[in-house]
1. Residues that are charged (D, E, K, R), touching a Leu at 6+ places or on another chain (Cβ under 9 Å), under 15 Å from residue 70 (Cα atoms) and modelled with pLDDT of 95 or more: does the range 14-29 have at least one?
2. Only residues that are part of a loop (DSSP other than H, G, I, E, B) and closer than 19 Å to residue 73 by Cβ: list them for the range 1-55, please.
3. Kindly list the number of the only condition in (1) of a type outside the set (Ser, Thr, Tyr); (2) touching an Asp or Glu at 6+ places or on another chain (Cβ under 9 Å); (3) at pLDDT 95 or above that fails for residue 47.
4. Of all residues in the range 38-76, which are loosely packed, with under 11 Cβ neighbours inside 10 Å, in contact (Cβ under 8 Å) with a residue 12 or more places away in the chain and acidic (Asp, Glu)?
5. As an exercise: evaluate residue 10 against (1) modelled with pLDDT under 95; (2) crowded, with 16+ Cβ neighbours inside 10 Å and give the number of the one condition it does not meet.
Amino acid sequence: MFRKSLIRKCLRERFFVTPRYGDSFSGVLMAHDRAHAVFTDVKVFPEGSNPEPVAGDVYIRHANIAYMQRLPNADD
(Lines give C-alpha, C1' and ligand atoms only; values in the text may rest on other atoms or scores of the structure.)
Protein backbone atom coordinates (compact mmCIF):
# COMPACT_ATOMS: atom_id res chain seq x y z
CA MET A 1 0.00 0.00 0.00
CA PHE A 2 2.77 2.47 0.86
CA ARG A 3 5.84 3.32 -1.14
CA LYS A 4 8.79 3.08 1.22
CA SER A 5 10.22 6.52 0.46
CA LEU A 6 6.82 8.21 0.85
CA ILE A 7 5.95 6.73 4.24
CA ARG A 8 9.54 7.03 5.54
CA LYS A 9 9.26 10.82 5.19
CA CYS A 10 6.24 10.79 7.52
CA LEU A 11 7.66 8.80 10.44
CA ARG A 12 7.09 10.44 13.82
CA GLU A 13 4.13 12.42 12.51
CA ARG A 14 0.55 12.16 13.76
CA PHE A 15 -2.11 10.52 11.59
CA PHE A 16 -5.83 9.90 11.77
CA VAL A 17 -6.34 6.31 10.59
CA THR A 18 -9.57 4.89 9.21
CA PRO A 19 -9.33 1.11 9.07
CA ARG A 20 -11.43 -1.10 6.81
CA TYR A 21 -12.56 -2.95 9.96
CA GLY A 22 -12.59 -1.55 13.49
CA ASP A 23 -12.63 1.87 15.09
CA SER A 24 -10.76 4.88 13.73
CA PHE A 25 -7.81 6.14 15.74
CA SER A 26 -5.13 8.79 15.81
CA GLY A 27 -1.51 8.17 16.63
CA VAL A 28 2.10 8.89 15.84
CA LEU A 29 3.53 6.65 13.12
CA MET A 30 6.71 5.18 14.57
CA ALA A 31 7.62 2.37 12.18
CA HIS A 32 6.43 0.30 9.26
CA ASP A 33 7.43 -2.79 7.37
CA ARG A 34 5.99 -4.70 4.42
CA ALA A 35 2.91 -5.81 6.35
CA HIS A 36 2.34 -3.47 9.31
CA ALA A 37 2.32 0.14 10.46
CA VAL A 38 3.12 0.84 14.12
CA PHE A 39 1.55 3.75 15.98
CA THR A 40 2.21 5.10 19.47
CA ASP A 41 0.43 7.73 21.61
CA VAL A 42 -2.85 6.36 20.24
CA LYS A 43 -6.40 7.55 20.88
CA VAL A 44 -9.25 5.41 19.59
CA PHE A 45 -12.51 7.03 18.46
CA PRO A 46 -15.34 4.57 19.20
CA GLU A 47 -18.53 5.35 17.33
CA GLY A 48 -20.90 7.38 19.51
CA SER A 49 -18.38 7.83 22.32
CA ASN A 50 -15.52 10.09 23.41
CA PRO A 51 -11.93 9.40 22.32
CA GLU A 52 -10.09 6.99 24.60
CA PRO A 53 -6.32 6.68 25.08
CA VAL A 54 -4.75 3.31 24.31
CA ALA A 55 -1.96 1.81 26.42
CA GLY A 56 1.00 0.61 24.39
CA ASP A 57 1.58 0.58 20.65
CA VAL A 58 -0.92 -0.31 17.93
CA TYR A 59 0.15 -2.57 15.08
CA ILE A 60 -2.18 -2.52 12.08
CA ARG A 61 -1.84 -4.46 8.86
CA HIS A 62 -1.52 -2.26 5.78
CA ALA A 63 -4.30 -4.33 4.19
CA ASN A 64 -6.69 -3.14 6.94
CA ILE A 65 -6.04 0.58 6.37
CA ALA A 66 -8.71 2.26 4.26
CA TYR A 67 -6.90 5.59 4.45
CA MET A 68 -4.66 7.75 6.63
CA GLN A 69 -4.76 11.50 7.07
CA ARG A 70 -1.61 13.25 8.20
CA LEU A 71 -2.32 15.76 10.99
CA PRO A 72 0.51 18.29 10.93
CA ASN A 73 0.85 20.44 14.05
CA ALA A 74 -1.90 18.49 15.79
CA ASP A 75 -2.16 18.63 19.55
CA ASP A 76 -4.46 15.60 19.61
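The values are calculated or read from the model by the stated rules, or taken from the named source; none is laboratory data. Keep in mind it's a predicted model, so treat the numbers as computed, not measured. For neighbour counting, all protein chains shown are included, and Cβ atoms are generated from backbone atoms with ideal geometry for every residue, glycine included.
1. So in the range 14-29, the residues charged (D, E, K, R) come out as 14, 20, 23.
Pick out the ones that are also touching a Leu at 6+ places or on another chain (Cβ under 9 Å) and you get 14.
After this cut, where a residue has to be under 15 Å from residue 70 (Cα atoms) as well, the list is 14.
Filter once more, keeping what is modelled with pLDDT of 95 or more: 14.
The answer is yes, given that some residue of the range 14-29 is charged (D, E, K, R), touching a Leu at 6+ places or on another chain (Cβ under 9 Å), under 15 Å from residue 70 (Cα atoms) and modelled with pLDDT of 95 or more.
2. 9, 10, 11, 12, 13, 51
3. (3)
4. 47
5. Going through (1) modelled with pLDDT under 95; (2) crowded, with 16+ Cβ neighbours inside 10 Å one by one, residue 10 breaks only (2).
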